[in-house]
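The values are calculated or read from the model by the stated rules, or taken from the named source; none is laboratory data. Note that this is a predicted model, so its numbers are computed, not measured. Glycine also receives a Cβ, built like all others from the backbone with ideal geometry; neighbour counts cover every protein chain displayed.
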Amino acid sequence: MGKARIRLKGQIRSYVQWPLRFSVLVILFNIIMYTVDFRAGIYTSVFAAVYILISLILFIRSRTIVLNDFISFATQYGQVQKQLLRDLDIPYALIDEYGRIIWTNDAFENILHIRRNSQKSINSIFPGFTGMFPSGDETTVNTLLKHEDNSFRITLKKVSVKAMMGDSPVTEKMDKDSYLIAVFLFDETEIGNLRKTLEDEKPAVGLVYIDNYDEALQTVEDVRRSLLSALVDRQISKSLSAADALVKKMEKDKYLVIANKKSLLKLEEKRFVILDEVKNVNIGNEMALTLSIGFGVGAESFNGNYEYARNAMDLALGRGGDQAIVKEGDKLTYFGGKSMMTEKYTRVKARVKAHALREIIEGADQILVMGHQITDTDALGAAVGIMRAAKTLNKSVNIVINDISSSIRPMIDCLIEAEDDKELILNNMQALERADKNTAVVVVDVNKPSYTECPDLLNRCGTVVVLDHHRQGEEKIRNATLSYIEPYASSASEMAAEILQYINDKVKLKPVEADCLYAGIMVDTNIFMNRTGVRTFEAAAYLRRNGADVTRIRKLFRDSMEEYKARTEAVSHVEMYRDKYAVSYFDGKSDCPTVIAAQAANELLNINGVKASFVLSEYQNKIYISARSLEEINVQIIMEKLGGGGHINVAGAQLEGVSLEEGRKRLKETLDKMEKEGEIN
């Protein structure tokens, strides 16, 4: 085999061969000289021979010299490159596709405290590194990982071995390409600390309202009222100042709080213990003081945060008070809300809302009234009250009920007969056909748009009115012209009965209409045993004066033998969870299993030791949860975790895409998590 030769190519080869190429010109010149003069041609031939000989010698010698110089330069350049990479300030390493370290520079070794050629795996240095290698067509991956006390941004770049080696005589030709991974580390510890500092220093604005200031002071002797006020001021200032927040009293029962996000996080970590601390202020007052707190953070200005705080406060008050709500952008976080809202004895708000509702009804061409999906007795009663108000004002009115359940069928039959209007009840399609921009829709017993009987009506009608007694959640009807939400009310029927007394002096209920409203109050209060106040009985007295008959109502609501057996079956499936939660389900046959579940949940509260009851049922491919309690546990916040809501002691939720067993499992997991985090006791 001949000795392998190293050949020059490209521009370098051209430059070395130019003297030989000029030899052709010299030879041509020599031939021309022979034609001119023979003697001159001989002299030129001698010159040409000498020139060609010298060119050959130079070509042979210069090629070797140039090659030696280039090889020397390449070797030195490679060493320089290697040294530059080794001395590079950026930590750099090469690893194989399995994560084994092949080569590292000094910065990489120093920052991670490893020795050169340690043969460690990158996974042993960064445990979270597994699974982060570039895959498929991906050539570069960026990720953030921690090592000891430092945070690193790590860039991984895939390097093809085939492309890197080329036609190397050292390696065999590869059928399948392999690759190495270049690893670059960028220490972002300081940047992360600065980012955290900036995040902690973001401004936050808070509002603190005393829910029942006037009512609580009325239970204290005159000479001690100023002392109670001073003690509450001191407790609020002390609790908030401990978190480095600035407190400024604006009115006798309202405070403005200026803080930063770090201070707000301190309050959140303690789950706004100030709510309980203020309740403990007692100098003989019969009624404990409760707070509503709204914080806004994350906006670009103080004005923006103040608007967030106002929105949070509106939501806190709408949910019954005694709670704190933090609004950060679109995110809402809830704290507290474990006690029942104090009943307001004044009816000023009811009168104002009644007058506003009258103006809306008078300005509309027609009125549509709807409740929530699977309309119950309370929703029907409130709808009947609004219907009577609209008819008194000589307006066309219809009630929207898509599916009439067996629980309200007897009452609707009596109502249609008394009103002599077979088109009084409309389904969704009929309501949508009649609705236009001159139509007012009144939503009763629900404030979540997705839970309404016909959500499309909210956008089809020009005016929307909300009348509800459930606590507000994140989802709410946002285009309402008039919103009247009172969580302390026992039922929507109670609120409708109050409105009827102020909306017009000529309102006269028919006995069957009074029965519907009275029945709504009875069902939602479990025959006046839950959430009843002075105004509840006043509303009941008003309805009795208008012809409501308890015996007639009781006959309408008597159970059939099948319904009684179904309720008994639901109760028989009960399981005591954590020794205080009664969890059951109903999977039998019934026209309205949700009503059976609600009745069973009420009955389970009669068992000694049960603090809250939950009964699940399946209807129209959804799992419905009926939750009840005796005010020891707030079932509303439990149901909110499952996407529902309601009252502190009457609530519910709907689950989609799960079975009864999966629904029970999710409920138990929610109870476990909330107890662990201290959200329920």
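Which of the residues spanning the range 214-233 are under 36 Å from the mean Cα position of the chain (by Cα) and crowded, with 18+ Cβ neighbours inside 10 Å? Result: Val232, single match. Please identify the pairs in which a residue from the range 353-372 that is within 16 Å of Ile485 (Cα to Cα) and without any contact (Cβ under 8 Å) to a residue 12 or more places away in the chain has its Cβ atom under 9 Å from the Cβ atom of a residue that is loosely packed, with under 15 Cβ neighbours inside 10 Å and among the β-branched types (Val, Ile, Thr), counting only partners at least 6 apart or on another chain. So the pair list comes out empty. Identify, by number, the condition in (1) closer than 30 Å to Glu661 by Cβ; (2) free of Cβ contacts under 8 Å to residues at least 40 places away in the same chain that Phe528 doesn't meet. Single failed check for Phe528: (1).
Rundown of residues vs (1) closer than 22 Å to Gln373 by Cβ; (2) in contact with a Lys or Arg (Cβ under 9 Å, 6 or more places away or on another chain); (3) in the same structural domain as Gln323 (by TED's automatic domain parsing), yes/no style:
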residue: Ala627; (1), (2), (3): yes, no, no
residue: Leu630; (1), (2), (3): no, yes, no
residue: Met639; (1), (2), (3): yes, no, no
residue: Gly643; (1), (2), (3): yes, no, no
residue: Ile648; (1), (2), (3): no, yes, no
residue: Glu656; (1), (2), (3): yes, yes, no
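With the structure loaded, tell me whether Ser617 is in contact with a Pro (Cβ under 6 Å, 6 or more places away or on another chain) and not in a loop (DSSP other than H, G, I, E, B) or whether it fails that test. Judged against the criteria, Ser617 is a match. Does the range 385-397 contain at least one residue that is touching a Ser or Thr at 6+ places or on another chain (Cβ under 6 Å) and at negative phi? No, the conditions are met nowhere in the range 385-397. Just to be sure, is Ile283 surrounded by fewer than 18 Cβ atoms within 10 Å (Cβ to Cβ), more than 24 Å from Gly643 (Cβ to Cβ) and out of contact with any Cys (no Cβ under 6 Å at 6 or more places or on another chain)? So Ile283 fits the description; yes. When Ala316, Ala288, Ala309, Ala324 are checked against the criterion of being in the same structural domain as Leu228 (by TED's automatic domain parsing), in contact with a Leu (Cβ under 6 Å, 6 or more places away or on another chain) and closer than 20 Å to Lys254 by Cβ, Ala309 stands alone in meeting it. Filtering Arg310, Arg358 for residues that are assigned to a helix (DSSP H, G or I), at pLDDT 90 or above and under 21 Å from the mean Cα position of the chain (by Cα) leaves a single hit, Arg310. Looking only at the range 456-468, residues that are outside any strand (DSSP E or B) and buried (at least 24 other Cβ atoms within 10 Å of the Cβ) come to 1 in all.
Out of the residues in the range 388-400 that are part of a helix (DSSP H, G or I) and touching a residue at least 24 places away in the same chain (Cβ under 8 Å), state the one that is farthest from the chain's Cα centre (by Cα). Filtering first and then ranking leaves Thr392.
Considering only residues in the range 493-513 that are touching a residue at least 12 places away in the same chain (Cβ under 8 Å) and more than 21 Å from Val550 (Cβ to Cβ), the one that is surrounded by the fewest Cβ atoms within 10 Å (Cβ to Cβ) turns out to be Lys506. Test Gly643 against the criterion of being part of a loop (DSSP other than H, G, I, E, B) and within 21 Å of the chain's Cα centre (by Cα), and give yes or no. Spelling it out, Gly643 is indeed part of a loop (DSSP other than H, G, I, E, B) and within 21 Å of the chain's Cα centre (by Cα).
Residues that are assigned to a strand (DSSP E or B) and free of Cβ contacts under 8 Å to residues at least 40 places away in the same chain within the range 251-268 comprise just one, Glu251. State whether the residues of the range 285-301 include one that is of a type in the set (Val, Ile, Thr), in a loop (DSSP other than H, G, I, E, B) and under 27 Å from Pro487 (Cβ atoms). Yes, the range 285-301 contains a residue that is of a type in the set (Val, Ile, Thr), in a loop (DSSP other than H, G, I, E, B) and under 27 Å from Pro487 (Cβ atoms). Restricting the range 568-608 to residues that are in contact with a strand residue (DSSP E or B) (Cβ under 9 Å, 6 or more places away or on another chain) and polar (S, T, N, Q), the residue that is modelled with the lowest pLDDT is Ser590.
From the list Lys611, Lys665, the lone residue that is charged (D, E, K, R), touching an Asp or Glu at 6+ places or on another chain (Cβ under 8 Å), at pLDDT 90 or above and not assigned by TED's automatic domain parsing to the domain that holds Thr452 is Lys611. Among the residues making up the range 469-492, a single one is free of Cβ contacts under 8 Å to residues at least 60 places away in the same chain and either outside the structural domain of Lys448 (by TED's automatic domain parsing) or over 24 Å from Ala653 (Cβ atoms) (or both): Asn479. The set of residues in the range 388-416 that are within 14 Å of Asp515 (Cα to Cα) and hydrophobic (A, V, I, L, M, F, W, C) comprises Ile408, Met411, Ile412, Cys414, Leu415, Ile416. Among the residues of the range 400-413, is any modelled with pLDDT of 90 or more, over 26 Å from Arg567 (Cα atoms) and surrounded by 24 or more Cβ atoms within 10 Å (Cβ to Cβ)? Within the range 400-413, one or more residues are modelled with pLDDT of 90 or more, over 26 Å from Arg567 (Cα atoms) and surrounded by 24 or more Cβ atoms within 10 Å (Cβ to Cβ). Annotation: Met287 fulfils all but one of (1) of a type in the set (A, V, I, L, M); (2) farther than 18 Å from Asp468 by Cα; (3) at pLDDT 90 or above; the unmet one is (3). Taking every residue in the range 207-232 that is of a type in the set (S, T, N, Q) and pairing it with any residue that is loosely packed, with under 13 Cβ neighbours inside 10 Å, at least 6 positions away or on another chain, the pairs with Cβ-Cβ distances below 9 Å are Thr219/Gly284; Thr219/Glu286; Ser229/Lys252. Applying the criterion of being in contact with a Leu (Cβ under 9 Å, 6 or more places away or on another chain) and surrounded by fewer than 15 Cβ atoms within 10 Å (Cβ to Cβ) to the residues of the range 149-171, the residue that is modelled with the lowest pLDDT is Met164.
Within the set Ile637, Ile623, Ile648, the sole residue that is part of a loop (DSSP other than H, G, I, E, B), surrounded by 16 or more Cβ atoms within 10 Å (Cβ to Cβ) and aliphatic (A, V, I, L, M) turns out to be Ile648. Select from the range 268-296 the residues that are out of contact with any Gly (no Cβ under 9 Å at 6 or more places or on another chain) and within 19 Å of Asp244 (Cβ to Cβ) and list them in ascending order. Selection gives Glu268, Glu269, Lys270, Val273, Ile274, Glu277.
Among all positions in the range 321-328, there is at least one residue which is under 17 Å from the mean Cα position of the chain (by Cα) and farther than 28 Å from Ala489 by Cβ.
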